[in-house]
1. Taking only DSSP H segments of four or more residues, each worth -39500 (n - 2.57), what value at 222 nm results for the chain once the sum is divided by all its residues, to the nearest 500 deg cm²/dmol?
2. Compute the Rg/Rh shape ratio of the range 132-240: radius of gyration over Kirkwood radius, all on alpha-carbon atoms.
3. Mind checking the dipole of the range 100-182: about its Cα centre, +1 per Lys or Arg Cβ, -1 per Asp or Glu Cβ, Debye to the nearest 20?
4. Tell me which of Ile7, Ser117, Ala87 sits at the most positive position along the dipole axis of the chain, charges placed on C-beta atoms (Lys, Arg +1; Asp, Glu -1).
5. What is the spread of the Cα atoms of the range 23-122 along each of their three principal axes, largest first, in whole Å?
6. Residue by residue through the range 133-150, what is 3J(HN,Hα) from phi via Karplus (6.51 cos²θ - 1.76 cosθ + 1.60, θ = phi - 60°)? Round to whole Hz and write x for glycine and proline.
7. Roughly speaking, to the nearest percent, how much of the range 19-105's 1.4 Å accessible area is carbon and sulfur?
8. Mind checking the alpha-carbon convex hull of the chain and giving the volume per residue in Å³?
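The values are calculated or read from the model by the stated rules, or taken from the named source; none is laboratory data. Predicted model only: the values in this text are computed from it and were never measured. Cβ atoms come from the backbone with ideal geometry, glycine included; neighbour counts cover every protein chain shown. SASA here: full protein model, heavy atoms, side chains in, ligands and nucleic acids out. Shrake-Rupley method; radii C 1.70, N 1.55, O 1.52, S 1.80 Å.
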Amino acid sequence: MPVRERILYVGCEGESTEPDYLRYLNGRFGNGERGNPPFRIVPVFEKDGLTPERVVDKVNVKADGDEAWALFDRDRHTKIPQAVADAAATGVELCFSHPSFDLWLLLHFQEFGGKQSGSSENVKTKLRKAHLAFKKFDERNDKSVKGPRATALAGKAVHAITNARRLVSQCEHGACKAAQAKIVETREPGGTVVRSGPKPPERWAARSGHAPTCPVLDRDPSTDVWRLLASLGITKDDEP
């Protein structure tokens, strides 16, 4: 029996980088020909971007009870705890990045460490040096991940996952372990994912492998985007 396509809605803080990357995942892995089950991500975003709490709200509305994820950054946002609480109450999976989603892109090329205190400048500087395609990333407001930039990421997904998991285990809290991460919920027949019922925010935020007692805002640097790829079964990406 053919495996049904899994459809998931992913809310994005940004209007360019994150949606572009999700479309890249659809194009490279969505048909299931690289060993993962077939899927289709529906990016949910707005022109000029969304705050974290609005990301959760908007993807909830769009998904209408179906599988939903929320991608948002630390940056300088003040209502991240509210976003986490709202996600925990409604079963929206979290992809939180500290300081920003740009860290996830950088991890495709190299390891990274050291507190960034919400600033992405160091991450962007290293990303521009990591590959020629990203040399002018975020110059003249160009944060797209298309064409040569998408091509530069090809073959490096597993490397990025490994580097992101390493950041969890290196967290200064001391009790955070990537091996503790929760990847997927129980699936119904046909490949759909059953949303979890309401959970305490600290428990929901711990699905990334960080300890429940590790405050979200203290996870510096870190990115949970690896959980999305692991959930989709992307465990092999060794060809450009």
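1. When only DSSP H runs of four or more count, the value is -10000 deg cm²/dmol.
2. Values: Rg = 16.5 Å, Rh = 16.0 Å.
Dividing the radius of gyration by the Kirkwood radius yields 1.03.
3. 180 debye
4. Ser117
5. Principal extents (largest minus smallest coordinate, Cα): 39, 34, 25 Å.
6. Karplus values, whole Hz, x for Gly and Pro: 5, 9, 4, 10, 4, 6, 9, 6, 6, 9, 10, 5, 10, 10, x, x, 5, 4.
7. On the way: 1540 of 3290 Å².
Of the solvent-accessible surface of the range 19-105, carbon and sulfur hold 47 percent.
8. Dividing the Cα hull volume of the chain by its residue count gives 112 Å³.
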